[in-house]
Structure formats: structure tokens, C-alpha cells
Amino acid sequence: MAVRPILKMGDPRLWRVAQPVTDFGPALASLVQDLHDTMAAASGAGLAAPQIGVDLQVVVFGSGQPNPRYPDAPVVPPTVLVNPVLTPLGDAQQIDWEGCLSVPGLRGQVPRWQRLRYQGQDAQGQPIDRTVEGFHARVVQHECDHLLGTLYPMRMSDFTQFGFTEVLFQNLA
């Protein structure tokens, strides 16, 4: 369909709380396609509807193949998640590097739940109920944060672990 502009940190539309999806018709299918096209064009691991200025509880993530922005991360299956509910499983958290298409060129270390259950619906309104861990759990939490008006720097506790990708990882190039 279309590659849409991705809103950048500082745009007040990113702080809004997204609304639940109630219509699983053609407009949702078109939005999902735009999210996939935009995510692929930007080599993203995921994308939330608010990042393209749409205040609906819709996220897409994964691709079924390695992501060039996270080459060492395990593959996450392609998923459309609508009206998500996340439930942490246990108290264990993990701190790891994250980036964001709405915060381009920067990375930071963010604490996230290690294991969680996510529930919601797919693009046709069918139920989704998965238990995941590690990178998959991190991606889901990151994308669903966008539905609450939260960007990953807001989750960080140590800003000495936040900076430009080209500086932080200059020895890896």
C-alpha cells in the first residue's frame, strides 16, 4: 500500500494513548499493510500505529528473518497484534540495548520483563495468546509501549547507557 512518514520523538502525537480497535474491516487491513510496508522500508523490528500518526491499538513486529538492525537477535515471527494485553510472567527483568524508528540514530539500555504472555487479536479479529521470552518479549513490550504514549528513553534508569549508535558501537563497524 504505502510507506508512511514515521513520527519522531518530540512530536506530541507520540504521547497520546491509543484507542481500542472495534472495526476489523478494510480500513484496518489497509493500516496493517501500511505498517508492514513502513517497517520493512525502515528495516524495523516492529512498528506501532501511533508512530505513523494513527491512534489505534495496533502493532506489527517480526519478519521471520534476521533483522539488519539487530543482527545477533533471534528471529521473531511476523505478527499483527491488535488490542494487546501484556502480563509479565515472574519478576525477572533483563537490561539490553534498544533503538526505535521514532528515536533515530540513538540506542539505550532498557529494562524489560524477561518472560510475558501477550493476548489480543490478529487483523481479522481472531484471538492471539502467546507466551514468549527474551528478544521476542522485548520487541512486544517496546511496541506496546507506543500504544501508551511511552518511548523507550522514558523506561531507562541509567542515561550513561544512552547515546548515538555510531558512537556507542564504533568498534563494531
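No lab work stands behind these numbers, since they all come straight from the coordinates. Given the structure is predicted, the values throughout are model-derived calculations rather than measurements. Counting neighbours? That spans all protein chains shown, and the Cβs are built from the backbone with ideal geometry, glycine included.
Numbers for the structure displayed
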| item | result |
| --- | --- |
| Sum of -39500 (n - 2.57) over DSSP H runs of 4+, divided by residues of the chain (222 nm, nearest 500) | -6000 deg cm²/dmol |
| Taking 98, 166 and counting other C-beta atoms within 10 Å, the order from fewest to most | 166, 98 |
| Relative contact order (%) - the chain, alpha-carbon pairs under 8 angstrom, separation at least six | 23 |
| Label-point separation in nm, residue 27 to residue 148, each point 7 Å along Cα→Cβ | 2.7 |
| Relative exposure of 58, 103, 80, judged by other C-beta atoms within 10 Å (fewest first) | 103, 80, 58 |
| Residue order, fewest to most beta carbons within 10 Å, for 159, 135 | 159, 135 |
| Full-extension gain in nm, residue 19 to residue 89, via 0.36 nm per residue minus C-alpha separation | 22.7 nm |
| Calculated diffusion of the range 12-172, Stokes-Einstein form, Kirkwood radius summed over Cα pairs, 10 °C and 1.306 mPa s, µm²/s | 99 |
| Degrees separating the helix 134-146 axis from the principal Cα axis of the chain, which is the longest one | 70 |
| Model label zone, residue 170; criterion: amide N under 16 Å from point 7 Å along Cα-to-beta-carbon; scope the range 90-121 | 106-107 |
| Sum of side-chain charges, residue 114 neighbourhood, beta-carbon under 13 Å (Lys, Arg +1; Asp, Glu -1) | +1 |
